[in-house]
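One structure below.
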Amino acid sequence: MRVLLVVPRVQLPIDTRSSPPLGVAYLAAVSEKRGDEVLVYDGNVERRDLAEVVRGYRPDIVGISANTIQIKSAWRDAALVRELSQAAVVLGGPHPSILPAESLSQEGVDFVVRGEGEATWAELCAALEGKPRQDWPAAASGIAGLSYNSGEGPRHNPNRAPIADLDALPFPAYHHYDMSRYTNLQPTIDAQRTPSYPILTSRGCPYNCSYCSQIGPHRWRARSPESVVSEWRWLVRDLGAKEIGVLDDSFNMKRERVMRICDLIIKEGLNHVPWIMINGMRANLVDEEMLRHMRRAGCIRTAFGVESGNQRILDDVIGKHLTLDQVRAAFRAARNAGMETIGFFIIGLPGETAETMDETIRFACELDPLVANFSMATPFPGTRMYETVKREGRLLVQDYDDYAFFEGRAAYEMPGLPAELSERKWKEAYRRFYWRPKRILRQLGRWSTYRDLPRAVRVAWHTAFG
Ligand code: B12
């Protein structure tokens with residue numbers, strides 16, 4: 001079969017060309033394993049139009065990946081593919097997984113794969129091969145994790161159980177990407193280190209934080225350290241990785257697994273390639289010895305999801321299962337281990353007041369990470385926060401494109417939490433964190449400060465006076 005996999009183009013003020021999209025790289029590997037011909041089109045780095053590619057390649061099946069920010073672009077791509085070809089159009093990824101019927105009602109969309117995609121995608125490709133369109137609903141009817149148009153409205157087959165043996169998955173098929181078009185994993189912090197590759201050593205998260213858009217069941221599954229390090233070796237030795245970014249939601253659920261991964265990285269002599277934790281580690285499950293071992297294995301920077309400086313917000317609003325003292329200890333341990341840190345914080349959660357947001361800003365300054373990222377609380381469909389806001393507040397986002405709130409606009413308001421307050425506190429957070437003399441002095445010592453100066457001046461101006 002001729003398979004085309006599409007990452008829709010979106011325009012955001014941040015650089016999303018940081019690394020090759022991993023979900024699609026896994027699907028490409030699965031298709032290759034089936035013997036299909038594969039073409040990947042990442043709209044964010046591609047120079048050709050999708051129309052030109054569809055006309056030239058004439059795919060049999062087109063898979064389009066979408067989170068909420070990408071979904072409208074994904075629907076446009078689906079309609080375009082339908083206009084130009086007879087290919088089956090399949091959507092997958094976080095957004096259609098949560099709202100499959102919505103995507104099935106769009107022009108050109110034939111199927112939605114819900115949740116983890118590899119097995120469902122492989123079964124669907126096998127079921128559709130050589131079949132005319134009128135036979136597709138019958139072919140799709142027994143495939144778990146699939147939603148489709150049956151002729152009598154949308155049909156949702158039962159959920160698929162999460163993949164039990166992650167070691168059995170093929171490595172992501174990066175040769176379908178033009179790596180020279182990607183930057184490095186955290187381009188606003190680091191000098192160029194390319195090629196940079198992501199890696200996923202585990203999937204899922206057992207916690208259920210109110211803001212998190214987790215598409216699968218809240219179950220954590222891990223690859224074995226041996227499987228992780230064989231991919232690591234391939235990335236370094238065969239693909240020439242200059243940097244690796246761990247994308248796991250919960251890398252450190254099991255201490256002995258982390259220690260063993262690091263043992264193997266050191267033993268194999270792979271620790272000269274720097275790696276970073278892209279997502280936050282669980283601050284309640286780290287200790288200095290673990291972080292020192294990660295540092296020895298080449299990890300130069302870790303991140304922690306702190307979210308709030310107010311214990312009540314952490315407990316009652318988010319359900320984070322974390323104490324402020326555990327967070328303090330984690331940052332201290334990372335610093336002692338010689339690692340840089342990133343802190344993720346949220347401003348404007350349901351139930352917040354000016355005082356709780358102040359506490360978050362003060363806590364960020366106290367922890368003093370290299371980078372503090374203050375997200376404006378955004379209720380993504382399918383999250384507990386979304387339900388709370390729909391029940392008790394008022395959503396201000398009109399359009400899925402507006403879910404990328406990089407300019408600090410509030411996504412909703414609640415009684416006692418007007419949009420104006422969240423927006424003011426968001427600006428204040430950046431101003432108070434980044435304009436501290438201690439911080440400015442430290443930044444003057446970093447190379448990237450000079451490279452990013454024009455952008456930094458723009459942001460600083462915006463947060464201080466905009
Ligand atoms: C890395 C990452 C990023 C990177 C992306 C870099 C890149 N080029 O890939 C950066 C930092 C740029 C980023 C930015 C943002 N991100 Co982000 N990100 C992630 C993260 C941590 C990992 C993504 C990943 O690779 N996962 C691993 C792969 C294997 O999983 P996957 O992509 O979901 O794909 C699987 C399935 O979804 C499915 N599938 C996916 N596509 C398709 C297509 C087809 C046809 C099929 C059949 C199946 C299928 O099969 C795949 C294999 O199992 C996820 C969290 C997570 N655990 O996934 C959040 C996540 C995707 N991000 C999220 C958000 C909110 C954002 C931002 C909006 C945040 C913000 N306000 O700044 C921006 C949006 C930017 C954008 N353009 O989309 C949310 C999305 C929620 C939603 N409903 O849309 C997530 C889920 C985090 C969360 N738990 O809430 N992000």
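Every number here is computed from the coordinates shown, using simple stated rules; none is lab data. No experiment lies behind these values; they were computed from the predicted model shown. Backbone-built Cβ (ideal geometry, glycine too); neighbour counts: all protein chains shown.
Listed highest first by mean packing, meaning other Cβ atoms within 10 Å per residue, what order do 164-173, 197-206 come in?
Working: 164-173: 15.4, 197-206: 20.0.
Order by mean packing, descending: 197-206, 164-173.
Estimate the FRET efficiency between D315 and A168 by the formula 1/(1 + (r/R0)^6), using the beta-carbon distance for r and 45 Å for R0, to the nearest 0.05.
The formula returns an efficiency of 0.70 here.
Which value, in debye to the nearest 20, gives the size of the charge dipole of region 70-191 about its Cα centre, when Lys and Arg are +1 and Asp and Glu are -1 at the Cβ?
In total the dipole reaches around 300 debye.
By how many nm would the segment from R431 to R233 lengthen if fully extended, with 0.36 nm per residue of separation less the alpha-carbon distance?
So the chain would gain 67.1 nm between R431 and R233.
Please provide three numbers in whole Å: the alpha-carbon extents of region 1-55 along the principal axes, with the largest listed first.
Extents along the principal axes: 38, 25, 11 Å.
Given the Cα atoms of the chain, and with Rh set as the inverse mean 1/r over their pairs in the Kirkwood sense, what is Rg to Rh to two decimals?
My calculation of the ratio gives 0.96.
Counting helices only, and only those DSSP H runs with n ≥ 4, report the 222 nm mean residue ellipticity of the chain as the sum of -39,500 (n - 2.57) divided by its residues, in deg cm²/dmol to the nearest 500.
After summing the helix terms and dividing by the residues of the chain, the value is -10500 deg cm²/dmol.
Of the cross-linked pairs K72/K320; K33/K72; K242/K267; K320/K427; K72/K390; K320/K390, which ones have a Cα-Cα span greater than 26 Å in the structure shown?
K72/K320; K33/K72
Mean separation of Cα pairs under 8 Å and 6+ residues apart, divided by the residue count of region 59-157: what relative contact order is that in percent?
After rounding, I find 23 percent.
Going 7 Å from the Cα of E37 toward and past its Cβ, which residues in region 43-83 have a backbone nitrogen under 18 Å from where you end up?
Answer for this model: 51-63.
How much length, in nm to one decimal, is gained on full extension between N208 and N284, taken as 0.36 nm per residue of separation minus their Cα-Cα distance? Mind dumping the intermediate values first?
Numbers: separation 76, 0.36 × 76 = 27.36 nm, distance 1.53 nm.
Working it through step by step, the gained length comes to 25.8 nm.
How much length, in nm to one decimal, is gained on full extension between W220 and L99, taken as 0.36 nm per residue of separation minus their Cα-Cα distance?
41.3 nm
About its Cα centre, how strong a charge dipole does the chain have in debye, to the nearest 20, once Lys and Arg get +1 and Asp and Glu get -1 at the Cβ?
Values: 60 positive and 58 negative charges, 261 e Å.
For this selection, approximately 1260 debye.
Please compute the volume of the convex hull spanned by the alpha-carbon atoms of region 102-169 and report it per residue in Å³.
Here the figure is 91 Å³ per residue.
Once you charge only the Cβ atoms, +1 for Lys and Arg and -1 for Asp and Glu, what is the size of the charge dipole of region 293-366 about its Cα centre, to the nearest 20 debye?
600
Mind listing the lone cysteines of the chain, meaning no other Cys beta-carbon sits under 4.7 Å from theirs?
C125, C205, C262, C299, C365
Kirkwood hydrodynamic radius, region 54-104, all distinct C-alpha pairs: what's the number in Å?
11.1
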